[in-house]
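Below is one structure, written out as structure tokens; the observations come after it.
The values are calculated or read from the model by the stated rules, or taken from the named source; none is laboratory data. Model, not experiment: these values are computed from the prediction. Here the Cβ is made from the backbone with ideal geometry for all residues, glycine too, and neighbour counts use every protein chain on show.
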Ligand code: SF4
């Protein structure tokens, strides 16, 4: 049987490193990379209250456990979990049930915020009015706004989200294909706003491939919600398949893409800052927005 460099039986082959890993070495490699990201990008500081966007899927589960382990021994840091209930029957209801159990087991405060309470309607209610393949646009805008709002209400100084390498590279390509350089310039491991109502957003898993967050959760025995959102269609999923094909043929493609993007992003941010309005407040809901009326109000108030 093939072995890890430590001599134990291998469970995973990282093609982009051309190296086999046993269970212990693999899990340690993930923990090391996450800690390195946190240190390099200064994602956590003393006295931080970190709100974790938690759905009980593989990414946010790995993130919650990793941050619980890192912040747990520290008296100067606090963790709170926030789940968004979009109102997706047969999917989110089951994942929220698990989310509650996991938080109770870890002793982490858990808050649930719903589209229904915030906008008066669920995503399921909206689906018949949304153009085919655009559900994630509507959902994503509202999710981001509610996560920021709930994090602020919880007194959080950071909002940690479970975006992995695949999510980030998909977002880079998607924005590039759409020519949306403004949105591309806002991607990053740590996103700040110039408004105190915007809670700085951090992505400790940004350099971990999706299949590795899934394997980490599975090897650690974390309970994870396995369902797939019934509304998950659109360009992002075609880009995901295309990137996975490239990665299989040319291992390391996803890392190259994000590293290349990191090099040009400072120039992009400077260029975009000259041509766009700074973040202000939405005239309707008073949440941070780069337009007079924010995208969530525009999409959800009809
Ligand atoms: Fe929302 Fe799209 Fe995620 Fe479903 S897949 S929860 S519609 S963002």
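Flag: residue 15 matches the condition of being in contact (Cβ under 8 Å) with a residue 12 or more places away in the chain, out of contact with any strand residue (DSSP E or B) (no Cβ under 9 Å at 6 or more places or on another chain) and either within 16 Å of the ligand (Cβ to nearest atom) or under 26 Å from residue 248 (Cα atoms) (or both). Of the residues making up region 150-174, those that are assigned to a helix (DSSP H, G or I) and touching a strand residue (DSSP E or B) at 6+ places or on another chain (Cβ under 7 Å) are 150, 151.
Filter region 207-225 for residues that are outside any helix (DSSP H, G or I) and either closer than 27 Å to residue 172 by Cβ or touching a residue at least 24 places away in the same chain (Cβ under 8 Å) (or both) and give the result. Show your work before the answer.
Narrowing region 207-225 to residues outside any helix (DSSP H, G or I): 207-209, 221-225.
Across region 207-225, the qualifying residues are 207, 208, 209, 222, 223, 224, 225.
Cβ-Cβ distances below 6 Å connect the following pairs, each with a first residue in region 120-145 that is over 29 Å from residue 191 (Cβ atoms) and free of Cβ contacts under 8 Å to residues at least 60 places away in the same chain, a second residue that is more than 8 Å from the ligand (Cβ to nearest atom) and not in a helix (DSSP H, G or I), and a separation of six or more residues or different chains: 124/87; 124/89. In the set (1) outside any loop (DSSP other than H, G, I, E, B); (2) crowded, with 18+ Cβ neighbours inside 10 Å; (3) at pLDDT below 95, the condition left unmet by residue 183 is number (2).
How many of the residues in region 236-251 are within 16 Å of the ligand (Cβ to nearest atom) and surrounded by fewer than 16 Cβ atoms within 10 Å (Cβ to Cβ)? Walk me through it before giving the result.
So the first thing to find is which residues in region 236-251 are within 16 Å of the ligand (Cβ to nearest atom), and the list is 236-241.
Among the residues that remain, those that are also surrounded by fewer than 16 Cβ atoms within 10 Å (Cβ to Cβ) are: 237-238, 241.
Number of matching residues: 3.
Would you confirm, using the coordinates I've provided, whether residue 233 is within 16 Å of the ligand (Cβ to nearest atom), surrounded by fewer than 20 Cβ atoms within 10 Å (Cβ to Cβ) and outside any helix (DSSP H, G or I)? Answer is yes for this residue. Taking the conditions (1) away from the ligand (no atom under 16 Å from the Cβ); (2) closer than 27 Å to residue 57 by Cα in turn, residue 225 satisfies each one other than (1).
Evaluation of residue 252 against the conditions (1) over 30 Å from residue 91 (Cβ atoms); (2) out of contact with any helix residue (DSSP H, G or I) (no Cβ under 9 Å at 6 or more places or on another chain); (3) without any contact (Cβ under 8 Å) to a residue 24 or more places away in the chain shows that the sole unmet condition is (3).
Restricting to region 288-302, what's the tally of residues that are outside any loop (DSSP other than H, G, I, E, B) and either farther than 23 Å from residue 136 by Cβ or in contact with a strand residue (DSSP E or B) (Cβ under 6 Å, 6 or more places away or on another chain) (or both)? Before the answer, list the steps.
First, the residues of region 288-302 that are outside any loop (DSSP other than H, G, I, E, B): 288-289, 295-300.
Cutting the leftovers down to either farther than 23 Å from residue 136 by Cβ or in contact with a strand residue (DSSP E or B) (Cβ under 6 Å, 6 or more places away or on another chain) (or both) gives us none.
Selection size over region 288-302: 0.
Among the criteria (1) more than 24 Å from the chain's Cα centre (by Cα); (2) at pLDDT 95 or above, the one residue 2 does not fulfil is (2).
For region 57-112, the candidate set comprises residues that are away from the ligand (no atom under 16 Å from the Cβ) and assigned to a strand (DSSP E or B); within that set, the residue that is surrounded by the fewest Cβ atoms within 10 Å (Cβ to Cβ) is 109. Of the set (1) part of a helix (DSSP H, G or I); (2) at pLDDT 85 or above, all apply to residue 285 but (1).
If you check residue 274 against the conditions, is it out of contact with any helix residue (DSSP H, G or I) (no Cβ under 9 Å at 6 or more places or on another chain), assigned to a helix (DSSP H, G or I) and away from the ligand (no atom under 16 Å from the Cβ)? Even if it seems obvious, please write down each step before you answer.
Numbers: out of contact with any helix residue (DSSP H, G or I) (no Cβ under 9 Å at 6 or more places or on another chain): yes; assigned to a helix (DSSP H, G or I): yes; away from the ligand (no atom under 16 Å from the Cβ): yes.
For residue 274, the condition - out of contact with any helix residue (DSSP H, G or I) (no Cβ under 9 Å at 6 or more places or on another chain), assigned to a helix (DSSP H, G or I) and away from the ligand (no atom under 16 Å from the Cβ) - is met.
Here residue 300 meets the list (1) in contact with a helix residue (DSSP H, G or I) (Cβ under 7 Å, 6 or more places away or on another chain); (2) modelled with pLDDT of 95 or more; (3) within 16 Å of the ligand (Cβ to nearest atom) almost entirely, failing just condition (2). On the basis of being in contact (Cβ under 8 Å) with a residue 40 or more places away in the chain and either surrounded by fewer than 16 Cβ atoms within 10 Å (Cβ to Cβ) or more than 13 Å from the ligand (Cβ to nearest atom) (or both), does residue 116 make the cut? In short, no.
Considering each of 170, 126 in turn, give the residue that is within 14 Å of the ligand (Cβ to nearest atom) and farther than 18 Å from residue 265 by Cβ. Before you say what the answer is, go through the steps one by one.
Numbers: 170 fails: farther than 18 Å from residue 265 by Cβ.
The unique qualifying residue is 126.
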